[in-house]
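The structure appears right after this line, and notes come after that.
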Amino acid sequence: MSLYQQIYDTVRRIPYGRVSSYGRVALLAGLPGHARMVGYALHALGSHGDDVGEVPWWRVVNATGYISNAYQPELQRALLEAEDIVVDHRERVDLRRFLWEGDESML
DNA sequence: CAACTGACTGCCG
DNA sequence: CCGGCAGCCAGTT
């Protein structure tokens with residue numbers, strides 16, 4: 001299984017209405033310290049095709065709660081709000097309310 | 001093969 | 001709270 005698939009699988013675990021950060025996804029995927037690779041993997045979703053629909057990429061924001069997406073920040077904001085996740089006027093999510101820590105046992 | 005480029009992060013001032 | 005900066009690493013040029 002490729003590193004990307006491992007990352008996609010982890011992103012798929014993020015529950016509806018919750019968010020996670022690039023760093024946490026990397027950690028849960030068994031790739032501690034590789035936050036940037038998570039962003040890279042999500043960016044690659046569009047290019048190599050078909051799995052875009054099954055990976056909830058919009059539930060991933062950066063460590064401070066901001067939307068890091070350089071491509072479609074507006075779309076990500078809309079998708080998050082559609083799940084009742086509050087995004088403030090500066091594109092930030094309150095991690096104290098919506099951050100999904102993940103299941104400790106999956107480490 | 002050497003540089004460059006990010007959907008990142010933690011640390012420091 | 002904000003900007004700067006060094007690690008990070010797979011793809012592109």
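Computed from the coordinates by the stated procedures, all read-outs in this text should not be read as laboratory data. The model shown is predicted, which means the values in this text are computed figures rather than measured ones. All Cβ positions, even for glycine, are placed from backbone atoms using ideal geometry, and neighbour counts span all protein chains on display.
Numbers below:
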read-out: Tally of residues being surrounded by 13 or more Cβ atoms within 10 Å (Cβ to Cβ) and assigned to a helix (DSSP H, G or I) across segment A:82-107; value: 2
read-out: A:Glu74 vs. criteria of a type in the set (D, E, K, R), more than 21 Å from A:Asp103 (Cβ to Cβ) and exposed (fewer than 13 other Cβ atoms within 10 Å of the Cβ); value: yes
read-out: Pairs, first part of a loop (DSSP other than H, G, I, E, B) in segment A:5-21, second loosely packed, with under 13 Cβ neighbours inside 10 Å, C-beta under 7 Å, six or more apart; value: A:Gly17/A:Asp84
read-out: Where a residue in segment A:65-91 is on the phi > 0 side of the Ramachandran plot and its partner, wherever it lies, is more than 10 Å from DNA strand B (Cβ to nearest atom) and of a type in the set (Phe, Trp, Tyr), with Cβ under 9 Å and at least six apart; value: A:Gly65/A:Phe98
read-out: Condition met for A:Ala78 (of a type in the set (A, V, I, L, M, F, W, C) and over 19 Å from A:Thr10 (Cβ atoms)); value: yes
read-out: Within segment A:22-33, considering residues that are touching a Ser or Thr at 6+ places or on another chain (Cβ under 6 Å) and not in a loop (DSSP other than H, G, I, E, B), the one nearest to DNA strand B (Cβ to nearest atom); value: A:Val25
